[in-house]
């Protein structure tokens, strides 16, 4: 996180800027430029450009939604021509990307309104879900309008650039573009109601006089039904016309209702098509560096606070083929607590990604607002923050028919406690170093955007040094292999248990490799986002366990750990013996269990027993038994085989068991002698 | 592991410079020592730097011993730390190796003048 002073927002003059707001703008620039020659001296400032006001010195304008403009500048660096160039380039990139994305969000909003009205009006047919091309679907709709009666003609006219042009026709070859203000069309449009006419004379006389009706395709028809199609978002969308020449049979009101419904359906198809095209266009944009970095930087804070005396934090994000709405954030508080946020917006595409960014912004705002209400130095509770953010973003989500699952957790290393609010997100997992168990931290909150009246409550759990917390998105557990088998929470739990000693970053690295190995050639269908936190041991208390990889070079690290675990009061002979015996046990696992294949975990845990020293050495090498290793020779004629003998000589009790998740646990005990 | 060699009155003294001889470096040491293990060589391994030896390290030393014995030479150890000595005793290798507390004693055991 960049320092707080690099962010300047003016809440008084800031208009309603739908995502991303100024914070995101700053983040976008900051993240793009942070690694460059500025180093940590970089300060990005942004503000809303109020109409009529002038641009601050050295700032560049940036376009936001609905004609709003913001400015961005890099403090104290404006004289640097490279910086000025970079700033200009980023401003252009941002503008391009943002305007394309903004259009889509509006489009989604429009469409959601249409969907609602449509569903009430007409039960959508299976045609809509089929993979037909839009022109083909429109033609089918017209086919239904004329019930495939060859004596009927039909046309769908769609308004575009001020004229009505034919998008689909039945039993008709040509249709000229029509003026929406003239002829029968003009009357239908101005009266905003369906027209049903019978007899050539009546049809000819019915049009407005402003323009001759000769160009209208139904010229000379004996019966005509003309239905205007309007949508809430666009007003007049177009017209649907059905007519015949040979019979004087008229159209009844039921038929007109059917045409109205079909017209709405046609509108939906055309709008979906428009949306798809825009999405395709953004797919192309996405290839460009700016959108890539926008999505990534907006949704995933680059580097978490790495160095903390008490916490080790790591994040992992593997984007899928499509842009998803996964997001992660971390907020460090002055009191030493750390808030972590992980969330997932239902759906895909840039709109989902931007909703993720908007949710993040709302949560950050909720945090800031609630903090103002608190006595100084106190931090608002996670449930207050989420309830406040939910009140702000919930109605938008409901309108858009989208929802967001998230988990907001506060880690208090001093109080050794985690407090979290679960909004329908996959459960956070806690590895307890003391017992070696993994427990899910499950709340019962609904996703944001499901129920506006939902009150979110926080749950709490104790944390101890060595404990690990894993927060993840369902892209992790729902990653699947070619047999459509899911990776699942069980496998993830086993991986967490197995690799808990590797630290936060090491754990995430193992999760990544294991999930990708599980998936094989299958691509990740969903974003893959994880956040891991490890509670560091205090100086006084050594970590009760260590995980090393199956490499002989890791032995020294294990011995250092063993000596620290035993403490400085332990007799040095005892310390030497334990270090030797553990080395022998681990070497056997590497040599005979993993057959010297590198990269497999071995976990060594010290038990807490008053009368005896107990160590558990765990491996995942499949079933293998120390007993199969040949006995040593004490005559000097064999070079190996002493390992097991040494382990058994030093530890009085050596028990090998297979755990439920398929690991081998070697329990080594030795009574404490004074 | 690095080591130095010097010859005193026909005895080659190999000073092992590492603190640790375990599974991570035993094999490499065995290979590196091959040129030293000439037929009939009289060898002393000075182990005063070593703080930790495991059974793999012991195996490497045993391998050297067998090799020099088979060609009519000998290998003696000296300056062994207490912790290392404990391992040798645990697996009774103090009965297989000749172990001297000082380099001089080891040299004298070859009849060399010190």
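The values are calculated or read from the model by the stated rules, or taken from the named source; none is laboratory data. Model, not experiment: these values are computed from the prediction. Using ideal geometry, Cβ is built from the backbone for each residue, glycine included, and neighbour counts are taken over all protein chains shown.
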Considering only residues that are within 11 Å of another protein chain (Cβ to nearest Cβ) and part of a loop (DSSP other than H, G, I, E, B), look in the range B:49-60 and name the one that is surrounded by the most Cβ atoms within 10 Å (Cβ to Cβ). B:54
Could you list all residues from the range A:407-428 that are within 11 Å of residue A:467 (Cβ to Cβ) and either in contact with a helix residue (DSSP H, G or I) (Cβ under 6 Å, 6 or more places away or on another chain) or outside any strand (DSSP E or B) (or both)? A:413, A:416
Regarding residue A:603, is this residue more than 11 Å from every other protein chain (Cβ to nearest Cβ), surrounded by 14 or more Cβ atoms within 10 Å (Cβ to Cβ) and either out of contact with any helix residue (DSSP H, G or I) (no Cβ under 8 Å at 6 or more places or on another chain) or modelled with pLDDT of 85 or more (or both)? yes
Taking the stated definitions as given, is residue A:151 surrounded by fewer than 18 Cβ atoms within 10 Å (Cβ to Cβ), closer than 21 Å to residue A:247 by Cα, touching a strand residue (DSSP E or B) at 6+ places or on another chain (Cβ under 7 Å) and modelled with pLDDT of 85 or more? yes
Subset of the range B:61-114 (residues that are buried (at least 17 other Cβ atoms within 10 Å of the Cβ), more than 13 Å from chain A (Cβ to nearest Cβ) and in a helix (DSSP H, G or I)): B:103, B:106, B:107
What do you reckon, is residue B:46 within 14 Å of chain A (Cβ to nearest Cβ) and either touching a residue at least 24 places away in the same chain (Cβ under 8 Å) or out of contact with any strand residue (DSSP E or B) (no Cβ under 9 Å at 6 or more places or on another chain) (or both)? no
In the range A:183-195, residues that are closer than 19 Å to residue A:215 by Cα, in contact with a helix residue (DSSP H, G or I) (Cβ under 8 Å, 6 or more places away or on another chain) and either touching a residue at least 24 places away in the same chain (Cβ under 8 Å) or assigned to a loop (DSSP other than H, G, I, E, B) (or both) total 2
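Yes/no matrix, rows are residues, columns are (1) in a loop (DSSP other than H, G, I, E, B); (2) surrounded by fewer than 19 Cβ atoms within 10 Å (Cβ to Cβ); (3) not assigned by TED's automatic domain parsing to the domain that holds residue A:382:
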position	(1), (2), (3)
A:456	yes, no, no
A:461	no, yes, no
A:466	yes, no, no
A:484	yes, yes, no
A:499	no, no, no
Which is touching a strand residue (DSSP E or B) at 6+ places or on another chain (Cβ under 7 Å) and free of Cβ contacts under 8 Å to residues at least 60 places away in the same chain, of A:485, A:460? A:460
Within the range A:566-596, which residues are buried (at least 21 other Cβ atoms within 10 Å of the Cβ) and away from chain B (no Cβ under 12 Å)? A:593, A:594
Among A:390, A:453, which is the only one that is in contact (Cβ under 8 Å) with a residue 40 or more places away in the chain and over 26 Å from residue A:313 (Cα atoms)? A:390
Return the total of residues in the range A:439-452 being part of a loop (DSSP other than H, G, I, E, B) and either within 15 Å of residue A:473 (Cα to Cα) or at pLDDT below 90 (or both). 8
Counting only residues that are more than 14 Å from chain A (Cβ to nearest Cβ) and buried (at least 19 other Cβ atoms within 10 Å of the Cβ), the range B:15-40 contains a total of 2
